[in-house]
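Here's the structure we're looking at; comments come further down.
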Amino acid sequence: MKKKIQHTTVSVKLRQSEIRNEWYLYLEAYPVYERDNEKPKRVREYVKRIISTPIWDKKRPTRGGFQPKRDINGVIMCKSQKDQESCIYADKVRQIRQKEYDTEALYSEQDAAQAELVEKSNSNFIDYVKKISVERHRNSSSSILINWKRMAELLKIFSKGGNIPFGRIDTKLINDFRNFLMSAPQGGGKSGTLSQNSAATYFSIFKAALKQAFVDGYISVDIAAKVKGIAEKESRREFLTIDELNILAKTPCDNPIIKRAALFAALTGLRHSDIKKLKWENVQQISNQYRLNFTQQKTKGVEYMPISEQAYKLCGERGDNDRLIFEDLPDPSWISRPLKRWIESAGITRRITFHCFRHTFATLQIAGGTDLYTVSKMLGHTNVRTTQIYAKVMDKQKDEAANVINLDMTFDE
């Protein structure tokens with residue numbers, strides 16, 4: 001918060017003698033603030049001049065008489081030349097004191113701003129990242145918070161001590177951190193290094209933190225804009241075919257909740273986080289059509305999504321509005337093993353995660369002729385370009401299909 005400038009005003013005033021018909025000239029400065037004291041005070045300074053012939057302004061009465069008349073420059077007017085010279089002298093002193101107060105106020109503002117800048121430059125960027133990750137993403141999904149937290153941990157490893165003063169941040173440090181991410185450890189008990197896409201995600205968060213630091217005045221230049229991000233590799237979207245889904249539907253799972261939720265994801269495209277939070281109040285029936293009315297955990301977007309009767313049946317028997325539909329659905333960290341056992345018992349050897357059922361929904365919708373825009377809306381994507389990856393999957397399948405038929409071209413024409 002900027003400090004308010006103390007507009008101290010210095011004026012020449014009169015004080016009548018108690019024993020003679022004369023007046024002492026003095027200066028009064030107000031408001032004057034002392035260090036560590038917010039209450040203003042008046043400061044008086046006598047200039048060792050006495051006058052006896054001031055001219056009174058009869059249009060400006062006071063409690064004890066009238067205000068002295070002043071000329072166009074604010075100098076008190078007197079009848080005698082000697083008194084007038086004393087008043088001019090007092091005003092000269094007033095001008096000097098006014099300049100001193102103005103200069104002091106100006107420099108105190110500059111000093112305060114400089115001190116604030118020095119303090120911010122010595123602040124720890126890693127602590128700042130932790131602070132804004134909570135302030136900016138208080139209502140964000142757990143995955144976003146986890147990514148911010150992990151980025152802060154990587155910064156700590158990179159710094160070799162947990163401290164990166166803002167004053168040290170330059171393009172070299174940013175590029176050094178960028179290179180560090182390309183071979184940084186995965187963390188979370190996992191071996192190996194980060195994938196390029198994970199490194200790209202963390203570096204984007206890093207740049208977002210730098211951008212916010214520039215907005216908050218910790219950095220004087222938008223330095224993040226001068227550095228390129230890490231390009232993401234186009235990852236493969238693994239999905240299941242209709243035949244594989246039918247096999248899974250007939251294959252028992254040692255955790256029926258996982259089976260129902262996974263097939264529900266394949267029929268609706270919902271994320272695990274949204275399915276886990278889904279309550280019966282979010283499911284509505286209008287005529288013969290069922291639909292979901294909920295808020296996405298990841299994007300916080302409000303969604304109105306029609307679902308099929310099959311998807312509705314997977315929800316089970318309807319309960320109270322405040323009751324979860326898929327109660328006891330395991331968290332992502334606990335769902336992998338039982339899901340893997342179910343997938344393998346169905347004879348599917350590819351690595352299928354719970355999120356692959358969302359990919360399955362998108363891919364099969366496009367394969368069935370649903371336009372890209374509609375699929376994007378049903379997935380809750382904020383940008384249709386995110387959905388285009390599924391169209392590319394189908395294009396690849398078309399390319400492969402074009403080469404399925406091979407002829408023996410050695411025959412004679």
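The values are calculated or read from the model by the stated rules, or taken from the named source; none is laboratory data. Quantities reported herein were computed from a predicted structural model and do not represent experimental measurements. Ideal geometry is used to build each Cβ from the backbone, glycine not excepted, and the neighbour counts take in all protein chains shown. We work out accessible area using only protein heavy atoms, side chains counted, and drop any ligands, DNA or RNA first. Shrake-Rupley method; radii C 1.70, N 1.55, O 1.52, S 1.80 Å.
Is it the case that Ala391 is within 30 Å of Asn255 (Cβ to Cβ) and at pLDDT 60 or above?
Criteria not met by Ala391.
Quick one: in region 143-181, of everything that is touching a residue at least 40 places away in the same chain (Cβ under 8 Å) and either over 26 Å from Ile219 (Cβ atoms) or not in a helix (DSSP H, G or I) (or both), which residue is least open to solvent (accessible area, probe 1.4 Å)?
So, considering only residues that are touching a residue at least 40 places away in the same chain (Cβ under 8 Å) and either over 26 Å from Ile219 (Cβ atoms) or not in a helix (DSSP H, G or I) (or both), the one least open to solvent (accessible area, probe 1.4 Å) is Ile164.
Are any residues in region 178-207 touching a strand residue (DSSP E or B) at 6+ places or on another chain (Cβ under 9 Å) and either at pLDDT below 85 or of a type in the set (D, E, K, R) (or both), and if so, which ones?
Those that are touching a strand residue (DSSP E or B) at 6+ places or on another chain (Cβ under 9 Å) and either at pLDDT below 85 or of a type in the set (D, E, K, R) (or both): Gln186, Ser191, Gly192.
Considering region 182-207 alone, what residues qualify as being of a type outside the set (S, T, N, Q) and not in a loop (DSSP other than H, G, I, E, B)?
Those that are of a type outside the set (S, T, N, Q) and not in a loop (DSSP other than H, G, I, E, B): Pro185, Gly187, Lys190, Gly192, Ala199, Ala200, Tyr202, Phe203, Ile205, Phe206, Lys207.
Quick grid of which residues meet (1) outside any loop (DSSP other than H, G, I, E, B); (2) surrounded by 14 or more Cβ atoms within 10 Å (Cβ to Cβ); (3) at pLDDT below 70:
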{"residue": "Lys300", "(1), (2), (3)": "no, no, yes"}
{"residue": "Leu329", "(1), (2), (3)": "no, yes, no"}
{"residue": "Thr374", "(1), (2), (3)": "yes, no, no"}
{"residue": "Gln397", "(1), (2), (3)": "yes, no, yes"}
{"residue": "Ile405", "(1), (2), (3)": "no, no, yes"}
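So which residues in region 16-56 are farther than 14 Å from Pro68 by Cα, part of a loop (DSSP other than H, G, I, E, B) and acidic (Asp, Glu)?
Selection gives Glu18, Glu34, Asp36, Glu38.
Quick check on region 350-360. Is at least one of its residues in contact with a helix residue (DSSP H, G or I) (Cβ under 6 Å, 6 or more places away or on another chain), of a type in the set (D, E, K, R) and at pLDDT 75 or above?
yes
State which residue is modelled with the lowest pLDDT when the search covers only region 39-84 and only residues that are of a type in the set (Gly, Ala, Ser) and exposed (fewer than 13 other Cβ atoms within 10 Å of the Cβ).
Gly64
Which one is nearest to Glu119 (Cα to Cα) among residues in region 1-19 that are at pLDDT 90 or above and of a type in the set (Lys, Arg)?
Lys13
Being assigned to a helix (DSSP H, G or I) and surrounded by 19 or more Cβ atoms within 10 Å (Cβ to Cβ) is the filter here, so list the residues in region 331-355 that pass it.
Residues satisfying the conditions are Ile335, Leu339, Trp342, Ile343.
When you check Lys41 against the structure, is it basic (Lys, Arg), within 47 Å of the chain's Cα centre (by Cα) and over 13 Å from Cys87 (Cβ atoms), yes or no?
Yes.
When region 149-191 is examined, which residues are found to be in contact with a Leu (Cβ under 9 Å, 6 or more places away or on another chain) and polar (S, T, N, Q)?
Ser183, Gln186
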